Amino acid sequence: MTTAQARLPVRPARRPGTAGKRARRALLNLAGLVVALVTLFPVLWMISTAFKPPTELFSLTPHPIPLHPTLDNFRHVIDGTGVTDSSNNPIPYWTFLRNSLFVTIVAVAVSSLLALLAAIALARFKFRFRTTYLIMLLIVQMLPQQALVIALYIDFRSLNLLDSLTGLIAVYTAFALPVTIWMLRSFAASVPRELEEAAAIDGAGPWTVFWRVLFPLVTPGLVATSVFAFIFAYNEFVFALTFLGVDTPRFTLPLFVQFFQGHSTSGTDWGAIMAASTLFTIPVLAFFLIIQRRLASGLVAGAVKG
Amino acid sequence: MVKTESRRPGNSSPAGAVTGRTRGRRPPSSGPRPTGLTARQRAAIWVRRHHLAPYLLLIPATAVIAWLILWPAAQIGLFSFQNYGLMQIIGAQPTQWIGLGNYSQILHDPEFWLSLRITVLFSLVVVPLTLTVGTLVGLLLARLGRKMATFVSTSALLAWGTPAVSASVIFAWLTDPDGGIVDWSLSKLPSWLGGGPHWAEFSWQNSALPAYTVLTVLLVWMGFPFIAVTVLAGLRTIPAELHEAARIDGAGPWRSFWTVTFPLLRPVFMVLLMLSIIWDFGVFTQAFVITAAPGNRDEFNLGLYEYFKAFTQPPAYGMASAIAFILTLILLIITVGYVRASVKQGEVR
């Protein structure tokens with residue numbers, strides 16, 4: 001390490017090479033530690049708050065780790081006393097979880113299927129308007145959702161799709177499609193054509209080629225794209241907010257968490273809100289951790305624009 | 001060109017799939033029109049002869065996108081020239097074309113100019129900040145040992161993966177005047193660092209500047225991991241010899257970045273810049289949770305201004321559409337830059 005910056009460390013080094021190197025390393029590690037802790041802090045604080053009893057929430061000296069951890073906040077959220085339906089009955093957490101999972105899973109399944117067909121067309125065929133189509137996909141995913149929601153609200157009102165999970169499924173399918181097609185296309189294009197040709201020479205028809213050769217090889221890509229579609233639909237807020245209004249029993253999880261925070265009366269019950277937020281967030285983060293490696297390679301491929 | 005493509009044996013067109021194993025191998029347009037085939041087989045042959053397979057495969061996805069994204073986008077344009085409001089949506093009165101009425105009304109509305117100014121200023125702060133922080137962390141990741149790099153990138157991944165609603169609610173709690181950790185820490189800071197007891201119970205939501213400060217930190221926190229990981233991936237593509245040569249020539253890290261790293265990664269930075277502008281200009285969910293819960297009109301950005309024109313009583317869908325149209329147009333202009341940067345990077349192939 002011969003650069004001026006590397007010699008900056010405070011202690012004068014006897015052997016500049018190794019000592020300077022060590023000091024530089026220590027500084028870098030310190031910087032890394034600070035970045036990681038600052039980055040993790042909000043999430044850790046959410047979890048810690050979720051386990052705090054009310055007395056500790058507003059104490060004069062906040063502790064990073066709850067002194068008397070309690071599950072009361074979670075019980076409060078799961079029993080559903082925070083959000084009630086029109087006749088003031090509590091709605092348990094499971095209702096929102098079920099709504100969210102139902103909407104998300106159906107939307108992901110449909111959009112993955114449609115995207116796979118489109119991706120094969122874009123990866124395996126040359127046709128007019130192919131580049132135009134790709135650019136259209138890029139543009140479409142940049143349209144602001146809070147703008148389109150006005151027209152969709154008016155359309156869905158006349159189609160009786162407001163206050164229903166079907167409307168949300170349709171919208172989530174559509175808005176997941178551009179990214180999904182875009183990502184799947186590069187996965188499908190990376191399958192060597194020779195494999196399919198070899199299968200065809202061995203007498204396999206196109207349908208067999210698809211199921212036996214292309215499909216198994218695209219499956220990892222399908223998993224990765226489904227993950228992104230899943231996270232988009234699971235987290236989506238604007239459309240749920242607009243379409244579901246105050247129809248609390250149909251709320252999805254993000255709407256539930258926001259409603260909980262925005263509409264709590266008589267002082268904000270942050271313990272319960274953080275418990276709700278924890279229950280909503282942790283599955284996503286766990287998912288992210290599990291698929292970390294695949295996610296990183298997806299990012300590197302430059303395929304993620306959302 | 002097109003013909004040879006779809007006649008290749010490895011072609012996985014569903015049309016061929018319908019015809020089955022034996023006919024899949026038959027050259028599609030050889031000989032006279034075959035007779036004695038079922039309707040399905042004839043349709044399949046027709047598809048192959050006219051090279052329709054890719055179009056058929058694209059139909060379902062395109063139909064959904066056209067119905068739920070493209071058509072609404074066109075409708076926004078149409079509504080913006082109509083007096084679409086409460087009477088029109090319940091069908092009590094027909095819609096009327098009012099020309100540029102909505103637009104002239106908006107352009108004379110000081111709230112529009114305020115929200116536009118907030119949106120632009122906010123992007124001008126957040127975009128460079130996110131890019132800088134993200135790039136610095138990316139450069140740091142490239143220099144860290146393996147274990148530490150994994151630790152840092154995992155925590156960044158967690159910040160990136162936190163849903164927008166959760167992140168906003170968490171930041172609302174962190175900056176809550178009543179028990180939030182931010183106010184507590186600031187009140188404990190020595191006064192020469194800008195701290196002091198006046199920070200206790202400071203309300204971050206009640207006026208635009210504090211609210212958008214919180215929003216800035218929130219968006220940088222959520223946005224930098226993507227930048228960092230992308231920059232890191234870009235750094236891995238630069239041969240080590242280049243940096244070594246720069247160092248031997250006496251360039252420090254600063255010069256080495258601006259003379260070697262940045263020029264080589266310029267296309268990557270262009271894409272990241274465009275994406276950041278688009279995201280921060282159109283930010284909605286976080287702004288909704290952080291600023292709109294108290295419903296302060298002087299804290300609206302363009303998206304919130306438009307949304308509340310449409311969805312508070314009395315609804316003014318026509319006017320909201322005009323604002324939405326302006327917002328969309330601005331974003332489209334930036335998107336054109338983004339598409340060009342992507343094409344340059346060779347992503348549209």
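The values are calculated or read from the model by the stated rules, or taken from the named source; none is laboratory data. As the structure is a computational prediction, the values presented were derived from the model and not from experiment. Glycine gets a Cβ as well: all are built from the backbone with ideal geometry, and neighbour counts include every protein chain shown. Surface accessibility is based on the protein's heavy atoms, side chains included, excluding ligands, DNA and RNA. Shrake-Rupley method; radii C 1.70, N 1.55, O 1.52, S 1.80 Å.
The set of residues in the stretch A:161-173 that are assigned to a helix (DSSP H, G or I) and either facing chain B (nearest Cβ under 7 Å) or open to solvent by 40 Å² or more (accessible area, probe 1.4 Å) (or both) comprises A:166, A:170, A:171, A:173. The residue of the stretch A:112-134 that is nearest to the chain's Cα centre (by Cα), among those that are within 7 Å of chain B (Cβ to nearest Cβ) and farther than 25 Å from residue A:227 by Cβ, is A:131. For the stretch A:88-108, the criterion of a residue being surrounded by fewer than 17 Cβ atoms within 10 Å (Cβ to Cβ) and either within 13 Å of chain B (Cβ to nearest Cβ) or among the small types (Gly, Ala, Ser) (or both) is satisfied by no position.
Just one of (1) within 17 Å of residue B:70 (Cα to Cα); (2) under 24 Å from the mean Cα position of the chain (by Cα); (3) within 7 Å of chain B (Cβ to nearest Cβ); (4) surrounded by fewer than 23 Cβ atoms within 10 Å (Cβ to Cβ) fails for residue A:141. It is (3).
Annotation: residue B:283 fulfils all but one of (1) within 26 Å of residue B:85 (Cβ to Cβ); (2) aliphatic (A, V, I, L, M); (3) assigned to a loop (DSSP other than H, G, I, E, B); the unmet one is (1).
Here residue B:82 clears all of (1) more than 23 Å from residue A:130 (Cα to Cα); (2) more than 24 Å from the chain's Cα centre (by Cα); (3) surrounded by fewer than 19 Cβ atoms within 10 Å (Cβ to Cβ) except the condition numbered (3).
From the list B:91, B:16, B:85, B:10, the lone residue that is under 23 Å from residue A:144 (Cα atoms), within 12 Å of chain A (Cβ to nearest Cβ) and modelled with pLDDT under 95 is B:85. Residues in the stretch B:85-102 that are within 24 Å of residue B:300 (Cα to Cα), assigned to a helix (DSSP H, G or I) and open to solvent by 30 Å² or more (accessible area, probe 1.4 Å): B:86 only. Quick check: anything in the stretch A:184-200 within 17 Å of residue A:103 (Cβ to Cβ), touching a residue at least 40 places away in the same chain (Cβ under 8 Å) and at the interface with chain B (Cβ under 10 Å from one of its Cβ atoms)? Taking every residue of the stretch A:184-200 in turn, none turns out to be within 17 Å of residue A:103 (Cβ to Cβ), touching a residue at least 40 places away in the same chain (Cβ under 8 Å) and at the interface with chain B (Cβ under 10 Å from one of its Cβ atoms).
For the stretch B:268-291, the criterion of a residue being surrounded by fewer than 19 Cβ atoms within 10 Å (Cβ to Cβ), in contact with a helix residue (DSSP H, G or I) (Cβ under 8 Å, 6 or more places away or on another chain) and either acidic (Asp, Glu) or facing chain A (nearest Cβ under 10 Å) (or both) is satisfied by no position. For residue A:156, the conditions (1) more than 10 Å from every other protein chain (Cβ to nearest Cβ); (2) more than 20 Å from residue B:53 (Cβ to Cβ); (3) surrounded by 19 or more Cβ atoms within 10 Å (Cβ to Cβ) are fulfilled apart from (1). Listed by first and then second residue, the pairs with beta-carbon distance under 6 Å, at least 6 apart or on different chains, first residue in the stretch B:43-65 and assigned to a loop (DSSP other than H, G, I, E, B), second buried (at least 19 other Cβ atoms within 10 Å of the Cβ), are B:51/B:6. Screening A:192, A:178 for residues that are crowded, with 24+ Cβ neighbours inside 10 Å and not small (Gly, Ala, Ser) leaves exactly one candidate, A:178.
Would a scan of the stretch B:111-131 turn up a residue that is over 30 Å from residue B:262 (Cα atoms), aromatic (Phe, Trp, Tyr) and away from chain A (no Cβ under 14 Å)? Yes, the stretch B:111-131 contains at least one residue that is over 30 Å from residue B:262 (Cα atoms), aromatic (Phe, Trp, Tyr) and away from chain A (no Cβ under 14 Å). With a requirement of 2 or more residues that are over 30 Å from residue A:144 (Cβ atoms), the helices (runs of 4 or more DSSP H) lying completely within the stretch A:174-244 that satisfy it span A:193-201, A:206-209, A:215-235.
Screening the stretch B:146-262 for helices (runs of 4 or more DSSP H) wholly inside it with 2 or more residues that are of a type in the set (Ser, Thr, Tyr) returns the ranges B:146-161, B:164-174, B:181-188, B:208-236.
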